[in-house]
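**Q** Would you mind keeping the following structure in view while I ask a few things?
The values are calculated or read from the model by the stated rules, or taken from the named source; none is laboratory data. Keep in mind it's a predicted model, so treat the numbers as computed, not measured. Reconstructed Cβ throughout: ideal geometry from the backbone, glycine too, with neighbour counts over all protein chains shown.
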Amino acid sequence: MSMPFYVAPEQMMKDRADFARKGIARGRSLVAVTYVGGILICAENTSNNLHKVSEIYDRIAFAGVGRYNEFDSLRVAGIRSADLKGYSYSREDVDARGIANFYGQVLNNIFTHELKPMEVEILVAEVGTNGGPDALYHVLYDGSVLDEIGFSVMGGDADAIAERLKEQYTTDADLGAALQACVSALAGPERTITADELEVAVLERTAERRAFRRIEGAELEGLVPSAPTA
């Protein structure tokens, strides 16, 4: 009779974490910053239809990096959870912290019990109202929830991008300056990123209810130069 194959729990968790981190690192990066007008989310994304950044609820946005099909399924689940809570109670009861905790529970359950973890990281952002603070919740592949202040970086070479962003980012920046800081941090010293390679959206502080707005087309090209035509 053969002995069953045994792997120590610590090694199993380490292997799953390494697998998830490697998958996420292969993807393109994403940066979110607070600025005077609200929250700006800027991602490297050449697709016109497969969005990394989306609206979740009135003043709440979702962003994901890693495997698209995995984080998009989480986006849909988050929208359903938010809509159900808003319908059952009130719209004011839906907040970014609750959605981030929901994602944390889902990802932790998958990481702990499933053979393959999700190769994703999630950002849940909420713009403050009536002088209230903004919220940036960074949810990791294992369900850990990080409450980040000022800015958040996910995917790719996140540590290097974060260091570059610290050198240029200021909380009192306007939209143009904030976007330029994000693009410069994403590109680094050896690359140039154009408007055609970006997906950009904002949560506007002064919006009446739905604060999410995409920046694209001529508006984006006016803030970030496009690739030259042949």
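**Q** Could you list all residues from the stretch 187-225 that are crowded, with 18+ Cβ neighbours inside 10 Å, in a helix (DSSP H, G or I) and charged (D, E, K, R)?
**A** Across the stretch 187-225, the qualifying residue is only Glu197.
**Q** Among the residues of the stretch 165-174, is any closer than 20 Å to Ala61 by Cα, surrounded by 15 or more Cβ atoms within 10 Å (Cβ to Cβ) and out of contact with any His (no Cβ under 7 Å at 6 or more places or on another chain)?
**A** Taking every residue of the stretch 165-174 in turn, none turns out to be closer than 20 Å to Ala61 by Cα, surrounded by 15 or more Cβ atoms within 10 Å (Cβ to Cβ) and out of contact with any His (no Cβ under 7 Å at 6 or more places or on another chain).
**Q** Inspect the stretch 151-161 for any residue being of a type outside the set (A, V, I, L, M), in a loop (DSSP other than H, G, I, E, B) and on the phi > 0 side of the Ramachandran plot and give the result as yes or no.
**A** Keep residues of the stretch 151-161 that are of a type outside the set (A, V, I, L, M), which gives 151-152, 155-157, 159.
With in a loop (DSSP other than H, G, I, E, B) added as a condition, the list becomes 155-157.
Checking the rest, the ones that are also on the phi > 0 side of the Ramachandran plot come to 155-156.
Scanning the stretch 151-161 turns up at least one residue that is of a type outside the set (A, V, I, L, M), in a loop (DSSP other than H, G, I, E, B) and on the phi > 0 side of the Ramachandran plot.
**Q** Shifting gears a bit: If Ser184 satisfies all but one of (1) within 16 Å of the chain's Cα centre (by Cα); (2) touching a residue at least 12 places away in the same chain (Cβ under 8 Å); (3) not in a loop (DSSP other than H, G, I, E, B), what's the number of the condition it fails?
**A** (1)
**Q** What's the total number of residues in the stretch 89-116 that are farther than 27 Å from Ile149 by Cβ and either at pLDDT 95 or above or not in a helix (DSSP H, G or I) (or both)?
**A** Residues of the stretch 89-116 farther than 27 Å from Ile149 by Cβ: 89-90, 109-110, 112-116.
Still in the list and also either at pLDDT 95 or above or not in a helix (DSSP H, G or I) (or both): 89-90, 109-110, 114-116.
Number of matching residues: 7.
**Q** Filter the stretch 44-61 down to the residues that are small (Gly, Ala, Ser) and at pLDDT below 95 and list them by number. Spell out the reasoning first.
**A** The first filter runs over the stretch 44-61 and keeps only residues small (Gly, Ala, Ser), leaving 47, 54, 61.
Ser47 - this is the single residue of the stretch 44-61 that is small (Gly, Ala, Ser) and at pLDDT below 95.
**Q** Could you list, in sequence order, all residues of the stretch 209-228 that are modelled with pLDDT under 90 and more than 11 Å from Asp196 (Cβ to Cβ)?
**A** Of the stretch 209-228, the ones modelled with pLDDT under 90 are 209, 224-228.
Selection gives Arg209 alone.
**Q** Among the residues of the stretch 22-60, which ones are of a type in the set (Lys, Arg) and surrounded by fewer than 15 Cβ atoms within 10 Å (Cβ to Cβ)?
**A** Lys22, Arg26
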